[in-house]
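The values are calculated or read from the model by the stated rules, or taken from the named source; none is laboratory data. Because the structure is predicted, anything quoted here is derived from the model rather than measured. Neighbour counts run over all protein chains shown; Cβ positions are idealised from the backbone, glycine included. Note: areas computed on protein heavy atoms with side chains; ligands, DNA, RNA excluded. Shrake-Rupley method; radii C 1.70, N 1.55, O 1.52, S 1.80 Å.
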Amino acid sequence: MNYCQYEPSQTEKIIGLFTQTFSDSEGEAEGKLIGELVKELIETTDSNDLYVFVANDNNRVVGSILFTRLTFESDKQVFLLAPVAVCTDYQGQGIGQKLIKVGLQAIKNQGAELAFTYGDPAFYSKVGFRQVTEEQFKAPLSLSYPHGWLAQSLTEQELTPIAGGSICVPAFNKQALW
């Protein structure tokens with residue numbers, strides 16, 4: 001298994017991976033929604049605000065994660081991990097966790113200080129995320145699943161609340177995603 005940043009030539013494969021994986025687990029409508037989100041994120045997000053990582057098995061994209069900039073009313077460099085997909089027939093092998101660890105290290109090496117995600121605490125706690133509240137770190141939009149708001153420090157510093165709001169990249173600025 002090879003873990004690395006994506007090549008633009010892999011874009012269609014990545015979109016297909018997200019569409020199929022989410023269709024398998026959440027239904028066709030959700031698969032289409034997430035596939036379109038990934039397409040929009042890759043096509044419209046400034047390259048300074050987007051990192052895409054893939055897991056390749058014999059030149060087949062079997063996993064992918066995206067990090068997009070999350071801007072708080074502070075000078076901290078912050079990224080949002082979302083979405084994450086591992087091909088259905090490759091799940092349960094630790095590929096997603098390894099991919100997330102590779103991605104977190106890469107964004108840390110680029111100066112990121114905090115990473116957030118919005119999902120299943122049981123899964124993301126395995127890679128260092130912990131639950132936080134909106135009182136500590138305000139999400140860009142209202143959360144429909146508040147206990148899924150998670151963060152981790154990428155420095156030696158503990159998580160310290162940040163006052164004020166946050167802003168996500170335009171592709172994530174849709175209430176249905178939160």
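Residues that are touching a helix residue (DSSP H, G or I) at 6+ places or on another chain (Cβ under 8 Å), over 23 Å from Gln93 (Cβ atoms) and not hydroxyl-bearing (Ser, Thr, Tyr) within segment 44-68 comprise just one, Leu50.
Checking the conditions here, which among Ile107, Ile100, Ile42 is part of a helix (DSSP H, G or I) and touching a Ser or Thr at 6+ places or on another chain (Cβ under 7 Å)?
On the way: Ile107 fails: touching a Ser or Thr at 6+ places or on another chain (Cβ under 7 Å); Ile100 fails: touching a Ser or Thr at 6+ places or on another chain (Cβ under 7 Å).
Checking each option against the conditions leaves just Ile42.
Here is a yes/no grid of residues against (1) at positive phi; (2) open to solvent by less than 20 Å² (accessible area, probe 1.4 Å); (3) not aromatic (Phe, Trp, Tyr):
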position	(1), (2), (3)
Lys13	no, no, yes
Phe18	no, yes, no
Phe22	no, no, no
Leu33	no, no, yes
Glu40	no, no, yes
Glu43	no, no, yes
Phe53	no, yes, no
Val61	no, yes, yes
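Tell me the strands (runs of 3 or more DSSP E) entirely within segment 48-87 that contain at least 1 residues that are closer than 12 Å to Tyr6 by Cα and touching a Phe, Trp or Tyr at 6+ places or on another chain (Cβ under 7 Å). Let's see the steps before the verdict.
Working: elements: 50-57, 60-69, 78-86.
It comes to 50-57, 60-69.
Of the candidates Phe67, Phe72, Phe79, the single residue that is more than 10 Å from the chain's Cα centre (by Cα) and not charged (D, E, K, R) is Phe72. Name the residues in segment 120-157 that are assigned to a loop (DSSP other than H, G, I, E, B) and over 23 Å from Gln97 (Cβ atoms), would you? Thr133, Glu134, Glu135, Gln136, Lys138, Ala139, Pro140, Leu141, Ser142, Leu143, Ser144, Gln157, listed by residue number. Taking the condition modelled with pLDDT of 95 or more and surrounded by 21 or more Cβ atoms within 10 Å (Cβ to Cβ), does Ala115 pass? Judged against the criteria, Ala115 is a match.
Restricting attention to segment 156-178, report how many residues are surrounded by 12 or more Cβ atoms within 10 Å (Cβ to Cβ) and more than 13 Å from Phe79 (Cα to Cα).
Within segment 156-178, the subset surrounded by 12 or more Cβ atoms within 10 Å (Cβ to Cβ) is 159, 162, 165-174, 177-178.
Those still in the list that are more than 13 Å from Phe79 (Cα to Cα) too: 159, 162, 165, 170-171, 173-174, 177-178.
Count: 9.
Can you tell me which residue among Gln131, Gln105, Gln91, Gln152 is surrounded by 16 or more Cβ atoms within 10 Å (Cβ to Cβ) and without any contact (Cβ under 8 Å) to a residue 24 or more places away in the chain? Step through it out loud before you land on a result.
Details: Gln131 fails: surrounded by 16 or more Cβ atoms within 10 Å (Cβ to Cβ); Gln105 fails: surrounded by 16 or more Cβ atoms within 10 Å (Cβ to Cβ); Gln152 fails: without any contact (Cβ under 8 Å) to a residue 24 or more places away in the chain.
Of the residues listed, the single one that is surrounded by 16 or more Cβ atoms within 10 Å (Cβ to Cβ) and without any contact (Cβ under 8 Å) to a residue 24 or more places away in the chain is Gln91.
Pairs only if they're at least six apart or on different chains, beta carbon under 6 angstrom, first in segment 7-19 and modelled with pLDDT of 95 or more, second in a helix (DSSP H, G or I) and of a type in the set (D, E, K, R); list them, first residue then second. Correct list of pairs: Ile15/Lys39.
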